[in-house]
1. Considering only the stretch 214-267, state which residues are at pLDDT 90 or above and of a type in the set (A, V, I, L, M).
2. Name the one entry in G179, G280 that is among the small types (G, A, S), under 29 Å from M105 (Cα atoms) and either within 16 Å of the chain's Cα centre (by Cα) or in the same structural domain as V131 (by TED's automatic domain parsing) (or both).
3. Mind listing just one residue for me: the one in the stretch 415-428 that is over 17 Å from L399 (Cα atoms) and loosely packed, with under 14 Cβ neighbours inside 10 Å and, of those, farthest from the chain's Cα centre (by Cα)?
4. Looking only at the stretch 309-340, which residues are hydroxyl-bearing (S, T, Y) and under 23 Å from F413 (Cβ atoms)?
5. Between D422, D411, which is of a type in the set (D, E, K, R) and modelled with pLDDT of 90 or more?
6. If you scan the stretch 220-250, which residues turn out to be within 17 Å of R270 (Cα to Cα) and small (G, A, S)?
7. Of V103, V110, V195, which residue is in a helix (DSSP H, G or I) and over 31 Å from the mean Cα position of the chain (by Cα)?
8. Determine whether the stretch 233-241 contains at least one residue that is in the same structural domain as A27 (by TED's automatic domain parsing) and in a strand (DSSP E or B).
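The values are calculated or read from the model by the stated rules, or taken from the named source; none is laboratory data. Computed from a predicted model, the values in this text were never measured in an experiment. A quick note on method: Cβ atoms are made from the backbone with ideal geometry, for glycine too, and the neighbour counts reach across all protein chains shown.
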Amino acid sequence: MQFPIVSIELHEQEAVPVLREALGYVARYRGEVFVIKLESGLLDVPSFAGLVRDIASLHRMGIRVVVVPGARRQIDSFLKTWEIDAPMVDGVRVTTEEALPFVTMAAFDVCSRIMTLIAESGVNALIGNWVKARGLGVLGGTDYQRTGSVQSLRTDILRQLMGQEFVPIVPNIGWNSAGQPYNVNSTQLAMELAVQLGASKLFFLCDEKPSIGEGIELPAEVDLREDGMLSSLNLVQVEQLLERNGDRIGKPYRDYLARGLEACRKGVRRTHVLDGLEDGSLLREVFSQNGQGTMVFANDYDNIRPAALSDVQDILRIQEPYVASGVLVPRSVEQIEAKIGDYAVHEVDGFVQGAAALHLFSDGSAEIAAVAVSEQVRRWGIGRKLVQYQMLRAHKLGLDRVFLLTTQTSDWFAELGFVRGDLGDLPPEKAATYNHDRKSMVFVRTLRKGA
């Protein structure tokens, strides 16, 4: 297996964790299936050749890639040139008999251009007829004529091709059992391919900034980034977002989220909506935890578990910048090992990226301590989840009260329901070791049913 040479211009100390993270993902994803939907407007931007090279690099790393090109812009251009009418109704094209040959030409022209670029990257690709379709028929009084939907896929052939080191390129044209072609929705096609191929990831690369829009009601614990995109949502959050906002969410972002939800419910682990105009967005989303897209994930993404001795070095790594800035007191390997049963860790794709401890005391109280989260995932709410996990653990142990000491994060803990206390709220053995030079603030929370 040959791997591409990647040039990363980083300070030496910054490059090491980045490279370790990327190499971990290479090992994790080798042999996995990625389905990548490319919107048609990307073909005409200067960075598109680089994007295709990135796709070829994924293939050379041992990832089995399937490409699904959109062709809407090219179809519009072909139809306009030949003055053929194919109106859009509710966002769906009415493909007439007259328009169908031009729709087909446009779809295969897009595929051919992508195949040429993949070949220039030294990777073999094939365009083929692997989609069985059926007509949409008459919906809401509109006869959609030669517009169809995906009925079935020749996944056996696709798997065989990927096993022979080919990248399949699947046009948005399907045929029925009588050999009649239909224009099918490429977003639906990508979703169906991801489900039926058992893909671990489904990517939608947009040809315009996928902003969610204004005046949107967000589910709990979902934040809107400054760029107008959402970072990550679980299936419940996507469902709530779509139900509460409907058409207020901009199209096609709404369609991507809906298809992502459907894909994950049917077994795809992650769906990613990316700004395809941003150079390198695909590689950043695949090989780091600090990607710039919107991720829809099945519930296995969040994984808080009791810490093990093998996690000690990761816990120290995560704590290091907090110790350097004075937020946490330093702890040694021996100290953490001695208290490893008190710690819980949060894993992201098999990487430990957060930790927190719950230390028990003889008066029936417990201290939440050593809360730390890797910098690149702090915006995901992992710290909050770790604290809530430890509070739930304290509640299950029958404890009435938890406390903590902090110097710089009092506002954050106040948002979690902790209130300012004093030294009298500490158990005797903790009060005896209180560092008066550090002058940490005491915060307390009383646990009640359901805490």
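1. V238, L241, L242, L257, A258, L261, A263
2. Numbers: G280 fails: under 29 Å from M105 (Cα atoms).
That would be G179, the only listed residue that is among the small types (G, A, S), under 29 Å from M105 (Cα atoms) and either within 16 Å of the chain's Cα centre (by Cα) or in the same structural domain as V131 (by TED's automatic domain parsing) (or both).
3. Applying the first criterion (over 17 Å from L399 (Cα atoms)) to the stretch 415-428 yields 415-416, 419-424.
Next cut, loosely packed, with under 14 Cβ neighbours inside 10 Å only: 415, 419-420, 422-424.
Working: E415: 27, V419: 35, R420: 37, D422: 42, L423: 44, G424: 46 Å.
Checked the stretch 415-428; the qualifying residue farthest from the chain's Cα centre (by Cα) is G424.
4. Going residue by residue through the stretch 309-340, those that are hydroxyl-bearing (S, T, Y) are 310, 322, 325, 332.
Residues satisfying the conditions are Y322, S325.
5. On the way: D411 fails: modelled with pLDDT of 90 or more.
The unique qualifying residue is D422.
6. S231, S232
7. Working: V110 fails: over 31 Å from the mean Cα position of the chain (by Cα); V195 fails: over 31 Å from the mean Cα position of the chain (by Cα).
Sole residue among the options that is in a helix (DSSP H, G or I) and over 31 Å from the mean Cα position of the chain (by Cα): V103.
8. The initial filter retains those residues of the stretch 233-241 that are in the same structural domain as A27 (by TED's automatic domain parsing), namely 233-241.
Those left that are additionally in a strand (DSSP E or B): 233-234.
There is at least one residue in the stretch 233-241 that is in the same structural domain as A27 (by TED's automatic domain parsing) and in a strand (DSSP E or B).
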